[in-house]
Amino acid sequence: MKSVLLAVDRLSTWLGQAFAWLIVLLTLMISWEVFSRYALNHPHDWALDAQIMMYGTLFMMAGAYTLAKNGHVRGDVLYGFFRPRTQAAIDLVLYVLFFLPGIVALTWAGWHYAQESLAIRESTFSATPLPLYPFKFGIPVAGGMLMLQGIVEIVRCIQCLRDGEWPSRERDVEEVDVDKLKAMVHVKDDDIAELDKFVVRQEASK
């Protein structure tokens, strides 16, 4: 079971990292469009539509990746103080009552939305129209990946309720946790305070 959960984590991670490269392409496109518009006096009517579609795709495909890393925003004023079993019970209720119905609706509606767009070969309303239907197929794909990752998270909640601790998950780049960093280099708050005092004394003696 653990290998299956981690395999889904890796798939979500791979997709998230692959689509993250869109931010590089998006940055280059915006930079070129600004240069072309103001330096060459040659704007492109399709540029804004392309930017919106790329950003939308990046945002949607990052959903499963973020869920796999437990990175979605949560109101954890109290949550962080609960024991793992309590956290798992809360998460499980929220996944079943809110997450699953919402993602099923998103995937179902997104699929029909994309099919209708494909049927009419929908495109943007500009002098140089861009096809919209490939972009809209990203909605059910992103919804399906979120649903798959959500099922994995539900299984983790059940395992945590059984074992009393959270099971492992695939790791990736994380923001620096100051407390973890201090523990890693064996630095205490008192050491930092003493260093601050030393620096102040050195500055005052100049």
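The values are calculated or read from the model by the stated rules, or taken from the named source; none is laboratory data. Predicted, not measured: the structure shown is a model, and the values here were computed from it. Cβ: placed from backbone, ideal geometry, glycine included. Neighbour counts: every protein chain shown.
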- Look at Arg121 and say whether it is within 30 Å of Gly56 (Cβ to Cβ) and either surrounded by fewer than 13 Cβ atoms within 10 Å (Cβ to Cβ) or at pLDDT below 80 (or both). yes
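Go through the residues of the stretch 8-31 one by one and say whether even a single one is touching a Pro at 6+ places or on another chain (Cβ under 9 Å) and in a helix (DSSP H, G or I). If you could, list the steps in order and put the result at the bottom.
Keep residues of the stretch 8-31 that are touching a Pro at 6+ places or on another chain (Cβ under 9 Å), which gives none.
Looking for residues that are touching a Pro at 6+ places or on another chain (Cβ under 9 Å) and in a helix (DSSP H, G or I), one finds none in the stretch 8-31, hence no.
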- Scope the stretch 32-41; condition in a helix (DSSP H, G or I), loosely packed, with under 14 Cβ neighbours inside 10 Å and either over 30 Å from the mean Cα position of the chain (by Cα) or of a type in the set (Gly, Ala, Ser) (or both); matching residues: Phe35, Arg37, Tyr38
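Kindly evaluate Leu161 against the criterion of being assigned to a helix (DSSP H, G or I) and modelled with pLDDT under 70.
Numbers: assigned to a helix (DSSP H, G or I): yes; modelled with pLDDT under 70: no.
Spelling it out, it is not the case that Leu161 is assigned to a helix (DSSP H, G or I) and modelled with pLDDT under 70.
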- Message: Which pairs turn up if I take residues in the stretch 14-29 that are more than 13 Å from Met60 (Cβ to Cβ) and look for partners that are modelled with pLDDT under 95 with beta carbon separation below 7 Å, at least 6 apart in sequence or on another chain?
- Response: Ile23/Leu58; Leu25/Met54; Leu26/Gln51; Leu26/Met54; Leu26/Tyr55; Met29/Ala47; Met29/Ala50; Met29/Gln51
- Note on the structure: The lone condition Gly80 fails out of (1) among the small types (Gly, Ala, Ser); (2) over 25 Å from Ala7 (Cα atoms); (3) in a helix (DSSP H, G or I); (4) touching a residue at least 60 places away in the same chain (Cβ under 8 Å) is (4)
- Exception for Ala50 within (1) surrounded by 16 or more Cβ atoms within 10 Å (Cβ to Cβ); (2) among the hydrophobic types (A, V, I, L, M, F, W, C); (3) under 19 Å from the mean Cα position of the chain (by Cα) falls at (3)
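Residue by residue, here is whether (1) in a loop (DSSP other than H, G, I, E, B); (2) under 21 Å from the mean Cα position of the chain (by Cα) holds:
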| site | (1), (2) |
| --- | --- |
| Pro43 | yes, no |
| Met54 | no, yes |
| Thr57 | no, yes |
| Met60 | no, yes |
| Ala64 | no, yes |
| Gly71 | yes, yes |
| Thr86 | no, no |
